[in-house]
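Q: Below you will find the structure I want to go over with you.
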Amino acid sequence: MDINVPYMPSIKNLNAILDKAQHAAVPEAFGYDFLKDLGFASSNDRSITKVFKYLGFLDSSGRPQTPYRDFVDHTKTKHVLADRLRTAFDDLYVANKNAHEMSVDELKGWFKSKTGKGDAVAIKIATTFKGLASYADFSKAVDTPLKKPEEKQGVAPLPEKRHKQIDLGEIGLVYRFEIHLPDTQNVDTFRAIFKAMREELMQ
């Protein structure tokens, strides 16, 4: 997750922007001119463009991508938005698989810790996320092309999972452990976790 999370100074018009965007034709570029055509000329509303880029709806130039085209399909709109939130805020969903159900105050605390921003910015990030999450539908997933984890910058490809191996008729099992470490800079916390694992496995 990119910790430079964009936000809207006010989400007063967020639902209206999402509604009108999905009923309008897909623009060549989603920017201030398009927002004005939709009826949103306020400076508070312009930041939706950065939010859409963060969600993968637009490229860096503001050109709509496949997820945006899926978003304007009324049969997919809210499910596509849910999928994009899960993807863009993957660290948040590792910490809490039902992050969209968290309160604004809980989200504020998490974003403040994750991004290092002060209260004023963290609350706006939390409010923007909660506004988007309230519009989305998390009841099911849709087949929207998403980046594979190994395609994210700075992340090495995951090793191939092997569930079993067969050698001359003998079947052996390979066990793979996956650990979700807490978001902390305290090295002693990690040492305690690995020490406990070692003691458990050596029994």
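The values are calculated or read from the model by the stated rules, or taken from the named source; none is laboratory data. Because the structure is a prediction, the values reported are computed rather than measured. Neighbour counts are summed over all protein chains in view; Cβ atoms, including those assigned to glycine, are modelled from backbone coordinates with ideal geometry. Remember, those area values only see protein heavy atoms, side chains included, never the ligands or the DNA or RNA. Shrake-Rupley method; radii C 1.70, N 1.55, O 1.52, S 1.80 Å.
One line per residue, one yes/no per condition, for (1) in a loop (DSSP other than H, G, I, E, B); (2) under 28 Å from P27 (Cα atoms); (3) modelled with pLDDT of 95 or more:
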| position | (1), (2), (3) |
| --- | --- |
| F111 | no, no, yes |
| K114 | no, no, no |
| I125 | no, yes, yes |
| A133 | no, yes, yes |
| S139 | yes, no, no |
| V142 | yes, yes, no |
| V155 | yes, no, no |
| L158 | yes, no, no |
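Q: Please work out if D91 is open to solvent by less than 60 Å² (accessible area, probe 1.4 Å) and closer than 17 Å to P6 by Cβ. Let's see the steps before the verdict.
A: Numbers: open to solvent by less than 60 Å² (accessible area, probe 1.4 Å): yes; closer than 17 Å to P6 by Cβ: yes.
Judged against the criteria, D91 is a match.
One line per residue, one yes/no per condition, for (1) closer than 26 Å to K12 by Cβ; (2) of a type in the set (A, V, I, L, M, F, W, C):
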residue: G62; (1), (2): yes, no
residue: T75; (1), (2): no, no
residue: V80; (1), (2): yes, yes
residue: K97; (1), (2): no, no
residue: S103; (1), (2): yes, no
residue: D119; (1), (2): yes, no
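Q: For segment 24-36, give me each residue that is open to solvent by 80 Å² or more (accessible area, probe 1.4 Å) and touching a residue at least 12 places away in the same chain (Cβ under 8 Å). Show your work before the answer.
A: Residues of segment 24-36 open to solvent by 80 Å² or more (accessible area, probe 1.4 Å): 28, 32-33, 36.
Passing the criteria: E28, Y32.
Q: Moving on. Of the conditions (1) in contact with a Lys or Arg (Cβ under 8 Å, 6 or more places away or on another chain); (2) surrounded by fewer than 16 Cβ atoms within 10 Å (Cβ to Cβ); (3) part of a loop (DSSP other than H, G, I, E, B); (4) without any contact (Cβ under 8 Å) to a residue 60 or more places away in the chain, I3 clears all except one; give me its number.
A: (4) is the only condition that I3 fails.
Q: Moving on. Without any contact (Cβ under 8 Å) to a residue 12 or more places away in the chain and of a type in the set (D, E): which single residue out of D45, D70, D59 fits that description? Don't jump to the end; show me each part of the working.
A: Values: D45 fails: without any contact (Cβ under 8 Å) to a residue 12 or more places away in the chain; D70 fails: without any contact (Cβ under 8 Å) to a residue 12 or more places away in the chain.
Only one candidate passes the filter, namely D59.
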